[in-house]
1. If only one of D:Leu85, D:Leu98, D:Leu104, D:Leu92 is under 20 Å from B:Asp50 (Cα atoms) and more than 11 Å from every other protein chain (Cβ to nearest Cβ), which one is it?
2. Residues being crowded, with 24+ Cβ neighbours inside 10 Å and touching a Pro at 6+ places or on another chain (Cβ under 9 Å): count how many of those fall in the range B:82-92.
3. Please go through (1) within 13 Å of chain C (Cβ to nearest Cβ); (2) part of a helix (DSSP H, G or I); (3) farther than 20 Å from C:Pro100 by Cβ for D:Asp77 and return the number of the only condition it doesn't satisfy.
4. From the list A:Ala132, A:Ala127, A:Ala117, exactly one residue is aliphatic (A, V, I, L, M), part of a helix (DSSP H, G or I) and either touching a His at 6+ places or on another chain (Cβ under 6 Å) or within 10 Å of chain C (Cβ to nearest Cβ) (or both). Which is it?
5. Output the residue which, of all residues in the range A:29-47 that are more than 9 Å from chain C (Cβ to nearest Cβ) and assigned to a helix (DSSP H, G or I), is modelled with the lowest pLDDT.
6. Condition (residue is touching a Cys at 6+ places or on another chain (Cβ under 6 Å), modelled with pLDDT of 85 or more and within 14 Å of chain B (Cβ to nearest Cβ)) applied to the range D:154-177: is it met by at least one residue?
7. Among the residues of the range D:80-111, which ones are part of a loop (DSSP other than H, G, I, E, B) and not polar (S, T, N, Q)?
8. Evaluate the following for B:Pro113: is it surrounded by fewer than 24 Cβ atoms within 10 Å (Cβ to Cβ), touching a residue at least 40 places away in the same chain (Cβ under 8 Å) and within 10 Å of the chain's Cα centre (by Cα)?
4 protein chains.
Amino acid sequence: MPDESNDRLTPSRLEAFSDGVIAVIITIMVLELRVPSPAEMSTADAIRLDLKMIAVYLLSFIQTGIYWVNHHYLLDDVERVSHSLLWSNLALLFCMSLIPFGTLWIANRGVAPAPVAVYAVCFVAPAIAWMALSTVICSQTGIRPANGPVIQTVSAVLNVGAIFVALRSPWTALAMIGFVAFLWLLPPRRIVELTHTGHSHPPTR
Amino acid sequence: MPDESNDRLTPSRLEAFSDGVIAVIITIMVLELRVPSPAEMSTADAIRLDLKMIAVYLLSFIQTGIYWVNHHYLLDDVERVSHSLLWSNLALLFCMSLIPFGTLWIANRGVAPAPVAVYAVCFVAPAIAWMALSTVICSQTGIRPANGPVIQTVSAVLNVGAIFVALRSPWTALAMIGFVAFLWLLPPRRIVELTHTGHSHPPTR
Amino acid sequence: MPDESNDRLTPSRLEAFSDGVIAVIITIMVLELRVPSPAEMSTADAIRLDLKMIAVYLLSFIQTGIYWVNHHYLLDDVERVSHSLLWSNLALLFCMSLIPFGTLWIANRGVAPAPVAVYAVCFVAPAIAWMALSTVICSQTGIRPANGPVIQTVSAVLNVGAIFVALRSPWTALAMIGFVAFLWLLPPRRIVELTHTGHSHPPTR
Amino acid sequence: MPDESNDRLTPSRLEAFSDGVIAVIITIMVLELRVPSPAEMSTADAIRLDLKMIAVYLLSFIQTGIYWVNHHYLLDDVERVSHSLLWSNLALLFCMSLIPFGTLWIANRGVAPAPVAVYAVCFVAPAIAWMALSTVICSQTGIRPANGPVIQTVSAVLNVGAIFVALRSPWTALAMIGFVAFLWLLPPRRIVELTHTGHSHPPTR
């Protein structure tokens with residue numbers, strides 16, 4: 001039994017490391033914004049391009065922030081770091097590190113079908129890793145989040161849908177991803193009303 | 001009531017994550033200094049250009065440092081991380097991450113009207129986010145910083161003014177932003193005298 | 001005797017700093033993926049190139065993750081940070097920071113003989129530093145990991161072998177490095193069976 | 001009196017933030033090594049160039065590591081973070097962040113007189129900031145490091161000398177900076193013998 005678990009790597013240490021990785025992920029994206037600096041571009045064009053990029057960066061930032069917030073709630077009931085928990089957590093961090101990568105695609109190639117589709121894929125990947133991680137944690141702790149699945153399903157449908165919508169209308173796809181972010185930004189109580197879930201456990205949603 | 005707050009995300013954890021993000025922000029700016037390396041530029045010119053850039057980097061570094069110091073004081077009275085506190089804090093971190101972005105504009109295009117105006121905007125953004133965050137915290141804790149508003153108003157006027165001054169005289173605008181940094185660098189007591197505020201609460205200013 | 005040890009730098013502080021460095025190492029690699037963005041490349045080619053790069057990045061990520069996990073177990077029995085422990089730990093961090101460097105070689109020059117050989121060297125370096133660090137710790141604590149040497153020897157042979165195999169068949173070399181990662185990803189118990197070691201100390205392996 | 005100090009920003013928090021900044025500084029340097037990737041350069045030349053760069057990176061890494069180690073010892077006796085301590089610490093972090101900048105100069109322009117002189121300047125800056133910080137701390141705590149000044153003086157002379165030597169012989173200058181690193185890497189006891197200081201306080205040196 002002790003062979004199956006890694007008793008000495010405490011949950012708080014796992015959280016501290018995850019926080020460090022997420023802090024880097026959420027910040028290095030700003031380095032990607034350095035693209036529109038060719039000397040031949042006029043200042044007005046450079047500013048217009050940058051505002052577009054800052055909007056995309058803001059979207060990536062909020063999505064990463066949502067993961068950070070919920071990651072804490074998810075790990076809160078964990079008392080013991082098992083081998084599968086450890087690696088599903090690292091899988092989540094890996095998938096989250098694709099978010100700056102997707103942001104770069106748009107920075108390099110603009111708000112066009114292919115880059116936005118790649119960008120949407122970069123949000124689906126951490127969502128899948130998140131489901132894997134929460135399944136591992138639920139099976140360990142026996143605690144299941146109350147209204148989490150509802151929001152998660154809506155988010156998943158919108159994110160996956162954005163991949164295909166992007167091929168026709170990249171701006172609509174960005175709006176869909178933005179709407180997912182907006183859903184999670186609402187104060188917990190309002191979410192509860194929207195999803196008609198009675199006994200909610202707001203922080204875990 | 002507990003639905004409105006996120007009881008389990010403690011203030012100290014919020015601070016640790018914010019510190020991580022700020023540590024990355026304050027350090028990655030040095031990566032932006034890599035611009036003046038074309039092989040055809042003479043060494044003397046490269047050094048002259050670099051000294052200018054290091055001065056701008058120093059300004060960005062000090063401003064970020066000021067936010068870091070005051071962020072701790074601001075969060076010090078917080079006992080409970082509410083949904084609005086959480087997201088106004090992330091909004092501040094987002095706006096602070098624009099500081100390296102503004103620094104890059106100057107690195108790429110020199111100390112000219114448009115880049116310095118963009119740079120000044122990148123200081124106004126976190127100042128607004130700061131006011132939002134401190135309003136949220138004041139309404140929660142009921143504690144209001146004594147002389148904070150005075151310095152903050154002076155800083156806000158100078159920072160916003162720098163945007164417009166930059167369009168005519170970029171160096172004057174930089175000097176204005178530098179003067180804001182200087183104001184905050186003064187030891188608390190001297191600030192108190194300058195602003196004629198009686199019962200000050202220096203660290204929170 | 002107290003002259004030989006640095007009593008005041010505690011093991012937990014050493015671990016926190018190492019975690020910070022590893023968090024940066026594991027995340028900045030994603031910045032290296034920014035290479036395939038020439039405007040003249042078709043989207044399909046860019047995606048194909050990126051999938052290849054993401055596979056290499058995943059490999060680097062897992063290897064770094066393995067070091068992170070095992071680093072905690074290794075330092076767990078340490079009670080006192082000696083001068084040699086301190087610097088062999090920094091040597092490990094230095095060698096681990098070569099992993100992003102090797103990943104960049106492949107990002108710049110593709111999956112070809114020389115880049116993959118360089119990449120393999122970048123995994124041999126931290127493996128040697130790891131052996132030095134664990135030797136220092138064993139001589140201090142007197143605790144020796146049970147099945148660690150077996151897995152470590154297999155990994156070392158495969159990693160060193162990959163350098164030479166890469167010169168003929170770079171993909172085979174990558175597969176060898178990937179197999180090392182797979183070995184460490186197996187849950188502890190299964191490793192124990194594979195290596196036929198009776199009394200295992202799984203987390204330290 | 002309380003107006004002069006920032007009672008609520010604890011030394012341990014100051015150390016944690018400094019560690020975060022140093023962790024980023026020591027790691028991002030590896031990103032600077034990405035220079036020698038022009039497709040037209042032969043693999044053998046690229047490897048030769050990279051080995052040179054890794055040697056320089058190693059030097060920068062060790063110097064940064066030395067600062068990290070000694071920073072902990074320096075802050076260890078501090079009980080209260082005053083305004084001047086806070087900002088002299090941030091000044092040290094700023095100067096340390098010039099080390100990656102100096103490393104970049106060599107990466108971009110090779111081991112030539114001017115780049116190595118710039119590189120040496122980037123080591124003199126944090127040495128000066130270090131003296132300022134330790135003066136502030138000594139005047140606060142009344143504790144003065146025993147043999148610190150001896151090593152520090154030798155290091156300062158060698159580092160400042162390297163600036164001028166670099167203009168004639170860049171490799172000799174690098175050797176001088178390397179010798180400084182070697183001096184600090186020696187186990188404390190041996191340093192004590194070398195500098196003939198009786199009652200040493202090794203960790204603080």
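The values are calculated or read from the model by the stated rules, or taken from the named source; none is laboratory data. Quick caveat, the model's predicted, so the values are computed rather than measured. Don't worry about glycine lacking a Cβ; one is built from the backbone with ideal geometry, like all the others, and counts go over all protein chains shown.
1. Details: D:Leu85 fails: under 20 Å from B:Asp50 (Cα atoms); D:Leu98 fails: more than 11 Å from every other protein chain (Cβ to nearest Cβ); D:Leu104 fails: more than 11 Å from every other protein chain (Cβ to nearest Cβ).
None of the others qualify; the one that does is D:Leu92.
2. Result for the range B:82-92: 1.
3. (2)
4. Of the residues listed, the single one that is aliphatic (A, V, I, L, M), part of a helix (DSSP H, G or I) and either touching a His at 6+ places or on another chain (Cβ under 6 Å) or within 10 Å of chain C (Cβ to nearest Cβ) (or both) is A:Ala117.
5. Start the filter on the range A:29-47 by keeping residues that are more than 9 Å from chain C (Cβ to nearest Cβ), which leaves A:29-30, A:33-34, A:36-47.
If we keep only those that are assigned to a helix (DSSP H, G or I) as well, we get A:29-30, A:43-47.
Values: A:Met29: 84, A:Val30: 82, A:Thr43: 72, A:Ala44: 76, A:Asp45: 76, A:Ala46: 75, A:Ile47: 77.
Once the filter is applied, the top-ranked residue is A:Thr43.
6. No, the range D:154-177 contains no residue that is touching a Cys at 6+ places or on another chain (Cβ under 6 Å), modelled with pLDDT of 85 or more and within 14 Å of chain B (Cβ to nearest Cβ).
7. Filtering the range D:80-111 for residues part of a loop (DSSP other than H, G, I, E, B) gives D:80-81, D:97, D:110-111.
Residues satisfying the conditions are D:Arg80, D:Val81, D:Gly110, D:Val111.
8. no
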